[in-house]
Amino acid sequence: MLENKKDFLDTVDFSKQTLLKIIELGSRMKKNKAKYSSALKNKKLGLIFEKSSTRTRVSFEAGIYELGGIAMFLSSRDIQIGRGEPIKDTAKILSRYLDAVMIRTFKQEDVEEFSKEASIPVINGLTDLLHPCQAMADFQTILEKKGRIEEIRLAFIGDGHNMANSLGLLASALGAHFSFASPKNYEISPEIKQKILEKAKASGSQVLFSNDPSEAVKDADIVYTDVWTSMDQEKEKLERLSHFQGFQVNEELVRNAKKDFHFMHCLPAHRGEEVSAGIMDGPHSIVVDQAENRLHVQKAILALLMK
Ligand code: CP
Ligand code: NVA
């Protein structure tokens, strides 16, 4: 349980204090792997994937193993959910076999329905709306690299989809500044904007929503981007390629950022689209470190929920 909640579906469900506690435990687990090797001895974690994954799948599988438990990979191509078995039936049945479930799917409402019907902890491994585990790993990484989170300026250049939403919500909850730039018609939704603004008001973080990437990147400590075409948007790929011209994170754009800025990307990345190869593979890039931290922060989430 975390703050009396059995699930980890969205960072907005938790206080700043709890979110920092998770990040700090993730850092301790990273430094002292052996200490936690029996923390979830013999516990079983199901991993339901309705979309592809490299990092999420492998980091959760490796993570539960490092805590003494085991993972079961449940692709929707193989389990009956992919043939239309109702979520509520799957959630109830899996609750009788397993100790927790992580789900990657399309609609946030489906994860919420699963969590309502399941008696075991449910973790959001990405929906179209949110990617909270990635955002947690990202702020663990920012803390490691910058020594603090408050007043760090994170600029996100891309669309108002799962990554921008989760980063904006977490940045504003933790007191980091958040600047966002997208082309017109790819903005963060009014509902999520409202939540970000409410969090920012409480924490004192500054927020900017723009259609100008240079304005968003100005004085940024972190320049973050994500793919222009997310999973299940493939049919929009050509029009997105054209609408996002001018939004590539490249050597020219980052001239507006702080000199010691870090480049971040949740991955997978497309060099030559949302980011130039020079920035992706250059000295400012910390994308491999942030991917590694998926493992550590998710181990903290698992341990705190499943204990
Ligand atoms: N960043 C991330 O979630 O990667 P995968 O899609 O490979 O899991
Ligand atoms: N926005 C991307 C994130 C992948 C981790 C997607 O949904 O495909």
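The values are calculated or read from the model by the stated rules, or taken from the named source; none is laboratory data. Model, not experiment: these values are computed from the prediction. Glycine gets a Cβ as well: all are built from the backbone with ideal geometry, and neighbour counts include every protein chain shown.
Hey, among the residues in region 217-237 that are at pLDDT 95 or above, part of a loop (DSSP other than H, G, I, E, B) and among the acidic types (D, E), which one's surrounded by the fewest Cβ atoms within 10 Å (Cβ to Cβ)?
Of everything passing the filter in region 217-237, D219 is surrounded by the fewest Cβ atoms within 10 Å (Cβ to Cβ).
Tell me, please, whether a residue that is in contact with a strand residue (DSSP E or B) (Cβ under 8 Å, 6 or more places away or on another chain), surrounded by fewer than 21 Cβ atoms within 10 Å (Cβ to Cβ) and closer than 29 Å to F139 by Cβ can be found in region 20-39.
no
Within the bounds of region 129-136, is there any residue that is in a loop (DSSP other than H, G, I, E, B), over 23 Å from A181 (Cα atoms) and either more than 16 Å from ligand 1 (Cβ to nearest atom) or in contact with a Ser or Thr (Cβ under 8 Å, 6 or more places away or on another chain) (or both)? Let's see the steps before the verdict.
So in region 129-136, the residues in a loop (DSSP other than H, G, I, E, B) come out as 129-131.
Among the residues that remain, those that are also over 23 Å from A181 (Cα atoms) are: none.
Within region 129-136, not a single residue is in a loop (DSSP other than H, G, I, E, B), over 23 Å from A181 (Cα atoms) and either more than 16 Å from ligand 1 (Cβ to nearest atom) or in contact with a Ser or Thr (Cβ under 8 Å, 6 or more places away or on another chain) (or both).
Restricting to region 40-62, give me the number of residues that are near ligand 1 (Cβ under 7 Å from one of its atoms), more than 13 Å from L74 (Cβ to Cβ) and not in a helix (DSSP H, G or I).
Going through region 40-62 one residue at a time, the tally reaches 2.
Determine whether G46 is surrounded by 14 or more Cβ atoms within 10 Å (Cβ to Cβ) and either in contact with a Lys or Arg (Cβ under 9 Å, 6 or more places away or on another chain) or among the acidic types (D, E) (or both).
no
For region 138-160, how many residues meet the condition of being out of contact with any Leu (no Cβ under 8 Å at 6 or more places or on another chain) and either farther than 30 Å from K184 by Cα or within 16 Å of ligand 1 (Cβ to nearest atom) (or both)?
Residues that pass the stated criteria total 10.
Test of understanding: among F14, F49, F8, which residue is within 16 Å of ligand 2 (Cβ to nearest atom) and in contact with a Leu (Cβ under 9 Å, 6 or more places away or on another chain)? Don't jump to the end; show me each part of the working.
On the way: F14 fails: within 16 Å of ligand 2 (Cβ to nearest atom); F8 fails: within 16 Å of ligand 2 (Cβ to nearest atom).
It is F49.
Would you confirm whether any residue within region 140-151 is within 16 Å of ligand 2 (Cβ to nearest atom) and surrounded by 23 or more Cβ atoms within 10 Å (Cβ to Cβ)?
Yes, some residue in region 140-151 is within 16 Å of ligand 2 (Cβ to nearest atom) and surrounded by 23 or more Cβ atoms within 10 Å (Cβ to Cβ).
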